[in-house]
Amino acid sequence: MSNKEAIAALALAQSQMKTPHKDATNPHFRNRYASLKSCIKAIKPALNDNGFALIQAAGKDEQGHYMQTTFEHTSGGLFTSKFYLEPEKKGMQGLGSAATYAKRYGLLGLAGIEPDEEADDDGNEADEKPAKPQPKPQPKKPDAEAAHDAAVREEQ
């Protein structure tokens with residue numbers, strides 16, 4: 001069982017991971033974010049195709065409640081990330097919201113990827129828009145010609 005094999009498989013999986021789309025809106029701040037579903041959809045197939053199981057389990061230790069994300073490889077190698085929960089609300093709803101948040105950020109962090117910067121509201125990344133025409137750069141004048149133009153302007 002080689003950790004080298006697991007590292008090579010993770011590198012390959014990362015090259016195959018998609019970018020999670022910001023498919024949800026935070027009602028309080030009105031900002032868009034990638035939901036847990038979007039993150040799993042973008043990451044898990046590449047993990048599975050390269051021999052990894054995705055495990056996200058809750059736990060509690062002397063520092064508090066946490067969500068641990070693990071990528072476990074068929075070779076026995078594994079990669080883990082522990083994300084401690086800080087619920088904003090008391091009770092199970094607050095703990096559940098914090099757990100979902102921790103799952104998303106644990107998954108993204110361990111995968112080493114970020115959600116897209118541009119919101120793709122309908123997830124149609126395949127529908128590429130035509131590129132905007134870029135202005136053509138003006139050719140630079142040779143130094144002698146530029147000096148002549150500057151001298152002419154000074155005379156005027």
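The values are calculated or read from the model by the stated rules, or taken from the named source; none is laboratory data. Owing to the predicted nature of the structure, the values given are computational and were not obtained by experimental measurement. Cβ sites come from the backbone with ideal geometry, for glycine too, and all protein chains shown count toward neighbours. We work out accessible area using only protein heavy atoms, side chains counted, and drop any ligands, DNA or RNA first. Shrake-Rupley method; radii C 1.70, N 1.55, O 1.52, S 1.80 Å.
A residue that is assigned to a helix (DSSP H, G or I) and buried (at least 18 other Cβ atoms within 10 Å of the Cβ) occurs nowhere in region 78-87. Within this structure, Lys129 fails the test of being farther than 27 Å from Ala34 by Cα, assigned to a loop (DSSP other than H, G, I, E, B) and modelled with pLDDT under 60. Scanning region 41-55 for residues that are within 16 Å of Tyr105 (Cα to Cα) and either over 11 Å from the mean Cα position of the chain (by Cα) or of a type in the set (D, E, K, R) (or both) yields Lys41, Lys44, Leu54, Ile55. When Glu117 is tested against (1) of a type in the set (Asp, Glu); (2) under 18 Å from the mean Cα position of the chain (by Cα); (3) more than 22 Å from Arg32 (Cβ to Cβ), just one condition goes unmet, and that condition is (3). I'm trying to understand the selection: among the residues of region 1-17, which are among the small types (Gly, Ala, Ser), surrounded by fewer than 14 Cβ atoms within 10 Å (Cβ to Cβ) and in a helix (DSSP H, G or I)? Ala11, Ser15, listed by residue number. Counting only residues that are assigned to a helix (DSSP H, G or I), open to solvent by less than 20 Å² (accessible area, probe 1.4 Å) and not hydroxyl-bearing (Ser, Thr, Tyr), which one in region 36-76 is nearest to Ala102 (Cα to Cα)? Among residues in region 36-76 that are assigned to a helix (DSSP H, G or I), open to solvent by less than 20 Å² (accessible area, probe 1.4 Å) and not hydroxyl-bearing (Ser, Thr, Tyr), the one nearest to Ala102 (Cα to Cα) is Cys39. So Glu117 clears everything in (1) of a type outside the set (Phe, Trp, Tyr); (2) open to solvent by 30 Å² or more (accessible area, probe 1.4 Å); (3) at pLDDT 95 or above except one condition, right? Which one? Condition not satisfied by Glu117: (3). Which condition does Ala111 not pass, out of (1) closer than 25 Å to Arg32 by Cα; (2) of a type outside the set (Ser, Thr, Tyr); (3) under 21 Å from the mean Cα position of the chain (by Cα); (4) open to solvent by 40 Å² or more (accessible area, probe 1.4 Å), if it passes all the others? That leaves (4) as the condition not met. When restricted to residues that are touching a residue at least 24 places away in the same chain (Cβ under 8 Å) and in a strand (DSSP E or B), region 18-35 contains 2.
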